[in-house]
Amino acid sequence: MGAITHTPAEKTLIDLLDGAEDWRAAARDAVVRFGLPTKRAEAWKWSDLRRASQGIETAGQARFLINGETAADRLTVSEDAALELVAEPGISVASLEIDVPAGARVVLKERYKLADGAFPTARLEISLGEGAVLERVVLGDTPQDSIPVVRTRIRVSKQSHYRQIALTFGSKLTRNETHITHAGEGAEVEIGGVYLLEEGRHADFTSTVSHTGPGGVTHQLVKGAAAAQAQGVFQGKFKVEQAAQQTDAKMTHRALMLDDRAEIDAKPELEIYADDVQCAHGNALGAIDETALFYMRQRGLSEVKARAMLIESFLAEPLDMISDDVLRDELAAILRQRLGAIG
Amino acid sequence: MAAVKETIEDVKKLEADKYKYGFTTDVETELAPKGLNEDIVRYISAQKNEPEWMLEWRLDALERWKQMKDPTWAKVEYPPIDYQDIHYFAAPKAGAKYESIDDVPEEILKDFEKLGIPLKEQEVLLGVKGAAESAAEARQAPKVAVDAVFDSVSVVTTFKAELAKAGVIFCSISEAMRDHPELVKKYLGSVVPTSDNFFATLNSAVFSDGSFVYVPPGVRCPMELSTYFRMNAEGTGQFERTLIIADKGAYVSYLEGCTAPMRDENQLHAAVVELVALDDAEIKYSTVQNWWPGDENGKGGVYNFVTKRGDCRGKNSKISWTQVETGSAITWKYPSCILRGENSRGEFYSIAVTNGRQQADTGTKMIHLGKGSTSRVISKGISAGRSDQTYRGLVSVHNKAEGARNFTQCDSLLIGDQCGAHTVPYVECKTPKAVLEHEATTTKLSEDQLFYARQRGLDEEAATALLVNGFVREVLQELPMEFAVEAQQLLKVSLEGSVG
């Protein structure tokens with residue numbers, strides 16, 4: 001295979017990372033050699049980043065804000081905080097490393113503030129100390145014309161508890177990657193995800209949970225709904241290493257297709273090297289239950305209203321993982337409002 | 001738990017040193033020189049007296065193959081294969097096809113007898129001597145017609161005369177090319193195109209023998225058809241090609257078995273199987289794959305890289321794959337169904353056992369194109385020793401496939417902590433008028449039954465064991481009688497403690 005011809009977005013990204021060190025250098029090298037990932041790359045087969053980024057030529061700016069202030073490259077968070085990813089139009093790179101010290105209990109509210117035409121590729125590294133509890137609540141309310149690619153790596157120490165709930169409405173291409181190293185030994189991981197995609201939008205939840213120590217517990221529930229020409233992607237992977245005996249891991253993905261031209265793609269994957277484990281995954285795709293719809297209309301609800309209620313009750317389940325009632329109600333309200341728009 | 005212990009013991013019995021098909025048979029063999037090039041392809045074609053169009057087809061495949069690379073996406077590891085170090089053709093001397101069973105060399109008959117495939121049957125029932133007078137008579141006693149493939153050639157096909165009475169064509173593919181060129185031309189490569197994938201392309205260039213079946217409209221094939229593949233010669237590979245066509249309203253059940261001698265080298269088996277089911281037709285294809293798996297240290301064994309695909313071309317057609325996979329050092333195999341016809345149905349039932357250093361990456365593809373097409377996938381994997389096993393499957397529903405329905409269940413069981421079991425299902429859906437379900441736990445599926453069994457006084461473990469055992473039996477029951485016995489011996493295992 002000869003050298004590839006770079007797209008304008010790739011050229012801009014290569015220039016942007018010129019002279020960079022550490023992971024940026026590795027990222028630049030990957031783009032130089034292979035370009036941005038296309039559907040030919042196994043991990044991106046349903047999210048063609050190279051194609052989505054066509055038309056983006058300029059470099060932009062992206063940064064993380066913590067409680068409204070520009071964040072340093074690395075920081076310690078030991079109490080509740082608001083995290084924001086802000087990006088201007090064009091291709092950009094942002095990075096942040098967060099330490100949650102041993103024993104701390106933190107709720108991290110994460111929001112994306114993206115301009116039209118913003119293509120931020122963000123790297124987030126989170127490390128939980130022993131016995132720490134982190135609840136990360138992510139709201140991906142992004143403009144249609146943006147391409148957020150957020151890759152988060154989380155190190156979960158023993159006795160610690162990591163809970164992540166993400167609600168996204170997608171965009172031209174939205175990639176939400178979560179990679180967790182799970183130490184087991186009393187540690188617990190919960191991952192909740194909800195996507196509601198209006199016409200022409202795309203959202204991709206990709207996650208891996210690597211169980212490295214014994215007795216880890218993981219629970220993942222992702223639910224989604226896609227309208228016409230929208231595409232929902234779920235790629236979940238549980239890896240259980242030989243040392244991770246007595247792992248208890250469960251993965252569920254369910255999605256509703258709201259229109260004839262909707263598309264849902266799923267790949268729930270298990271890679272297991274330990275024999276005394278409980279691992280399961282379930283995946284179900286279908287349309288709204290016509291019987292339930294009929295029943296509700298019989299009770300006097302309009303079709304639009306009945307559909308919205310059914311979709312809402314279907315989608316809202318992962319939001320119940322949020323421990324803070326106010327925060328949960330806030331996200332549920334945003335979801336309801338968007339459902340009204342789909343109607 | 002007793003059930004688990006039993007399982008472990010049963011799997012141990014399958015260990016390498018217990019392989020009872022590892023003998024070699026001394027037959028004078030004619031070998032093509034090692035290597036792969038145009039001359040070898042011409043040699044193979046000439047050996048088989050093929051028509052010119054067939055040679056062109058092969059040479060075209062060879063050209064394409066030269067441009068291709070070994071696939072690397074499967075979760076299997078093996079040193080690079082030297083494709084120039086293989087004999088692509090090996091045939092017992094003294095002619096490829098024997099006119100009568102009496103002409104078949106005694107060594108080969110004995111070889112098949114040792115494998116439990118008596119080609120002589122009862123002399124009366126023998127195809128070459130005297131066939132039953134009518135199809136009705138043939139139906140009286142259950143019989144199996146066998147196409148015996150020894151290295152690169154089909155040595156004998158039994159019950160041909162009797163099958164011909166019903167209009168069924170059952171012969172080696174080389175014979176079919178000569179006697180029924182119109183059928184071969186029409187269907188060969190129509191399900192698995194020449195350049196479908198690396199191994200299928202290789203097969204297209206060098207395929208030797210294999211079976212050809214054509215069941216005419218409205219005919220229910222009066223007996224089970226089967227092919228027994230035997231790799232005997234050293235340094236060879238086997239590249240057979242099977243083509244089965246069930247015309248409108250026809251039904252056929254086909255069995256495939258395979259074994260190879262124990263050798264230190266890795267032998268390559270790259271087969272292609274194509275099935276075509278027209279309107280209202282049904283094909284049932286069953287495999288018991290027991291190629292030499294290599295010893296416990298991973299030395300030797302067969303690389304089983306096969307492409308199997310069925311095309312449900314007509315409305316209400318049905319193709320069902322049932323496989324029991326216990327052999328081969330490496331398995332790379334995805335029997336698939338293209339559900340093109342309206343209300344067509346695809347089924348895949350699989351039990352795979354890996355032990356020693358075996359690696360298996362296997363599963364199925366169900367491509368739903370037709371309205372109301374349905375499919376069912378049941379896969380049970382058992383890994384033991386230091387083996388590694390992956391279920392890799394695709395369920396794809398196109399936007400025209402309204403009313404499509406799929407149910408997939410894949411369970412794995414690990415025995416010991418040195419092995420691996422993986423599940424990689426792909427699901428792609430482009431219409432809301434489809435229902436796709438993928439399940440991976442036994443308890444979840446049978447919650448109601450479990451409750452029922454417990455109500456009858458069984459504790460949870462006993463109830464689960466009962467249900468799981470019952471379920472495996474159901475998969476085994478998908479196999480025709482003749483194979484079920486053999487398969488059960490290979491697989492007296494319960495699936496206690498399954499993981500997704």
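At-a-glance table
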{"read-out": "Test: residue in segment A:296-315 that is within 18 Å of the chain's Cα centre (by Cα), closer than 30 Å to A:W46 by Cα and at pLDDT 95 or above", "value": "yes"}
{"read-out": "Test result for A:I311, among the aliphatic types (A, V, I, L, M) and more than 7 Å from every other protein chain (Cβ to nearest Cβ)", "value": "yes"}
{"read-out": "Count - residues of segment A:228-280 that are at the interface with chain B (Cβ under 7 Å from one of its Cβ atoms), under 17 Å from A:E198 (Cα atoms) and among the small types (G, A, S)", "value": "1"}
{"read-out": "Failed item in (1) among the β-branched types (V, I, T); (2) more than 18 Å from A:M257 (Cβ to Cβ); (3) more than 9 Å from chain A (Cβ to nearest Cβ), with B:T390 passing the rest", "value": "(3)"}
{"read-out": "Selection count, segment A:281-308, where residues are surrounded by fewer than 16 Cβ atoms within 10 Å (Cβ to Cβ) and within 14 Å of chain B (Cβ to nearest Cβ)", "value": "3"}
{"read-out": "Which numbered condition A:G170 fails, given (1) more than 13 Å from the chain's Cα centre (by Cα); (2) touching a residue at least 40 places away in the same chain (Cβ under 8 Å)", "value": "(1)"}
{"read-out": "Subset of segment A:35-69 that is of a type in the set (A, V, I, L, M, F, W, C) and farther than 19 Å from A:I4 by Cα - its residue that is nearest to the other protein chains (Cβ to nearest Cβ)", "value": "A:W46"}
{"read-out": "Total residues in segment A:138-155, condition without any contact (Cβ under 8 Å) to a residue 40 or more places away in the chain and assigned to a loop (DSSP other than H, G, I, E, B)", "value": "3"}
{"read-out": "Residues of segment A:54-79 satisfying the condition of being within 14 Å of A:L124 (Cα to Cα), of a type in the set (A, V, I, L, M, F, W, C) and buried (at least 16 other Cβ atoms within 10 Å of the Cβ)", "value": "A:A62, A:F64, A:L65, A:I66, A:A71, A:V77"}
{"read-out": "Test for A:A203: is it of a type in the set (A, V, I, L, M) and within 13 Å of another protein chain (Cβ to nearest Cβ)", "value": "no"}
{"read-out": "So A:H253, is it crowded, with 18+ Cβ neighbours inside 10 Å, assigned to a strand (DSSP E or B) and at pLDDT 90 or above", "value": "yes"}
{"read-out": "Residue in segment A:262-270 that is at pLDDT 95 or above and in a loop (DSSP other than H, G, I, E, B) present", "value": "no"}
{"read-out": "Failed criterion for B:I367 (all others in (1) free of Cβ contacts under 8 Å to residues at least 60 places away in the same chain; (2) hydrophobic (A, V, I, L, M, F, W, C); (3) crowded, with 24+ Cβ neighbours inside 10 Å hold)", "value": "(3)"}
{"read-out": "Any chance A:Q337 is under 16 Å from A:E198 (Cα atoms), in contact with a Leu (Cβ under 8 Å, 6 or more places away or on another chain) and polar (S, T, N, Q)", "value": "no"}
{"read-out": "Test for B:L243: is it surrounded by fewer than 23 Cβ atoms within 10 Å (Cβ to Cβ) and either in contact with a His (Cβ under 8 Å, 6 or more places away or on another chain) or not in a loop (DSSP other than H, G, I, E, B) (or both)", "value": "no"}
{"read-out": "Scope segment B:195-223; condition under 19 Å from B:R313 (Cα atoms) and part of a loop (DSSP other than H, G, I, E, B); matching residues", "value": "B:D196, B:P216, B:P217, B:G218, B:V219"}
{"read-out": "Odd one out for B:S328 among (1) modelled with pLDDT under 90; (2) of a type in the set (S, T, N, Q); (3) part of a loop (DSSP other than H, G, I, E, B); (4) touching an Asp or Glu at 6+ places or on another chain (Cβ under 6 Å)", "value": "(4)"}
{"read-out": "Verdict on B:F229 being under 18 Å from B:V306 (Cβ atoms), aromatic (F, W, Y), surrounded by fewer than 24 Cβ atoms within 10 Å (Cβ to Cβ) and out of contact with any helix residue (DSSP H, G or I) (no Cβ under 6 Å at 6 or more places or on another chain)", "value": "no"}
{"read-out": "Out of A:D329, A:D324, sole residue that is acidic (D, E), in contact (Cβ under 8 Å) with a residue 60 or more places away in the chain, surrounded by fewer than 16 Cβ atoms within 10 Å (Cβ to Cβ) and farther than 13 Å from A:A225 by Cα", "value": "A:D324"}
{"read-out": "Among (1) in contact with a Pro (Cβ under 9 Å, 6 or more places away or on another chain); (2) outside any loop (DSSP other than H, G, I, E, B); (3) not basic (K, R) - the single one A:I288 does not satisfy", "value": "(2)"}
{"read-out": "Segment B:407-421 - residue that is buried (at least 24 other Cβ atoms within 10 Å of the Cβ) and under 22 Å from the mean Cα position of the chain (by Cα) and, of those, nearest to the other protein chains (Cβ to nearest Cβ)", "value": "B:A421"}
{"read-out": "Hits in segment B:350-384 - residues which are among the polar types (S, T, N, Q), assigned to a strand (DSSP E or B) and in contact with a Gly (Cβ under 6 Å, 6 or more places away or on another chain)", "value": "B:S375"}
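Residue by residue, here is whether (1) in a strand (DSSP E or B); (2) out of contact with any Phe, Trp or Tyr (no Cβ under 6 Å at 6 or more places or on another chain) holds:
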position: B:W332; (1), (2): yes, no
position: B:F348; (1), (2): yes, no
position: B:S396; (1), (2): yes, yes
position: B:A401; (1), (2): no, yes
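Matching residues to (1) under 16 Å from A:P120 (Cα atoms); (2) crowded, with 16+ Cβ neighbours inside 10 Å:
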{"position": "A:R40", "(1), (2)": "no, no"}
{"position": "A:A43", "(1), (2)": "no, no"}
{"position": "A:L49", "(1), (2)": "yes, yes"}
{"position": "A:A52", "(1), (2)": "yes, yes"}
{"position": "A:A81", "(1), (2)": "no, yes"}
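The values are calculated or read from the model by the stated rules, or taken from the named source; none is laboratory data. Just so we're clear, the structure is a prediction, and the values are computed from it rather than from any experiment. Cβ: placed from backbone, ideal geometry, glycine included. Neighbour counts: every protein chain shown.
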